[in-house]
Amino acid sequence: MTDLLQTSNLTVRFGGHVAVDAVSCSFRAGELTAIVGPNGAGKTTYFNLISGQIPASSGSVHLLGQDIGRLSPSERCRRGLGRAFQLTNLFPKLSVLENVRLAIQAHRLVRGALFSMASSHTALTDEAMAVLERVRLHAIAEQPVTELSHGNQRKLEVAMLIALDPKVYMFDEPTAGMSADEAPVVLDLIAELKADTDRTILLVEHKMDVIRTLADRIIVLHNGALVADGDPAEVIASDVVQEAYMGKELADV
Ligand SMILES: Nc1ncnc2c1ncn2[C@@H]1O[C@H](COP(=O)(O)OP(=O)(O)O)[C@@H](O)[C@H]1O
Ligand SMILES: [Mg+2]
């Protein structure tokens, strides 16, 4: 298996607080890695460092073997790093369909695949609808983004990500705030994405049943440091995870 993404000694300090502490980890193609740890462990901050939302204090990030540590978030995205869209990246007054179509179009342009916009309009719409069908939003494709429920907004974020066709998928608690009947749609979709062995998926998730079902590997962050990395069953059974989830101090780690 090939390493698609690699962080080496990746560190960020906020004042005196080390939020991510020298995390070295490689993510291989065809693998779904669950990232777990208590609240405040540094999971989201680790994602922010990888996607370029915040600069690292030290250490490096490599994507497809290239150092991307000094690149902007959009340049990292262009190179295949796919972080689930925040709604602030969407055009709120445009429809669900138009947003996805624009994402596919932007992605094409960026990759240099110039083509006739007029003749491809239908093809583009079909493609966008296909993506929306995957997240079960096709029935409300014409709705403006502002009118979507919270759960549907989260699904649209996933649709936008799929439209970008990244090498690395990054999901930070993708079903947070979703109802019990909405969450499976997103989780099934992540399971589908797993089938694509050219990609790697990073998933921050709290629910152990979800992790057991989806993860090929688990890494554990605690106080910003990587404290466990390995086979899901072994990591879940380990003292490190048992104690982290019981909220005890990991004094002996
Ligand atoms: N921009 C920031 N400035 C200062 N402290 C931050 C910032 N972002 C995160 N932190 C701190 O870093 C730690 C890790 O936060 P976070 O990555 O959000 O944890 P998790 O996602 O694992 O719950 C927390 O103590 C948080 O308060
Ligand atoms: Mg978080």
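Only the coordinates and a few stated rules stand behind these numbers; no lab work does. Please read all numbers here as calculations on a predicted model, not as lab measurements. Ideal geometry is used to build each Cβ from the backbone, glycine not excepted, and the neighbour counts take in all protein chains shown.
With a Förster radius of 30 Å applied to the C-beta separation of LEU64 and GLU173, the computed FRET efficiency comes to 0.70.
What the Cα convex hull of region 161-203 gives, in volume per residue, is 67 Å³. Under 24 Å of direct C-alpha separation, and excluding same-chain neighbours fewer than eight residues apart, LYS43 reaches these lysines: LYS155, LYS167, LYS194, LYS207, LYS248. Across all Cα atoms of region 165-234, the radius of gyration (one decimal) and Dmax (whole number) stand at 12.6, 35 Å.
Simple spin-label estimate for ALA139 and HIS107 gives 2.5 nm between the two label positions (7 Å along the Cα-to-Cβ direction from each Cα). Helical content alone sets the calculated 222 nm signal of the chain at -11500 deg cm²/dmol, taking -39,500 (n - 2.57) per DSSP H segment of four or more residues and averaging over every residue. Among LYS194, LYS43, LYS93, which one moves the most in a GNM of the chain with springs linking Cα atoms closer than 10 Å? Answer for the Gaussian network model of the chain: LYS93. Of all the options ALA56, ALA123, ALA22, the one that moves most in a Gaussian network model of the chain with Cα springs shorter than 10 angstrom is ALA123. Over all orientations, the chain has a Cα convex hull whose mean projected area works out to 14.2 square nanometres.
Cβ crowding within 10 Å ranks PHE47, PHE27, PHE14 as PHE14, PHE47, PHE27, fewest other Cβ atoms first.
A protection proxy built from the mean count of other Cβ atoms within 10 Å ranks the segments 154-166, 224-236, 138-150, most packed first, as 154-166, 224-236, 138-150. The calculated FRET efficiency for the pair HIS121 and GLU147, based on their C-beta separation and a Förster distance of 22 Å, comes to about 0.35.
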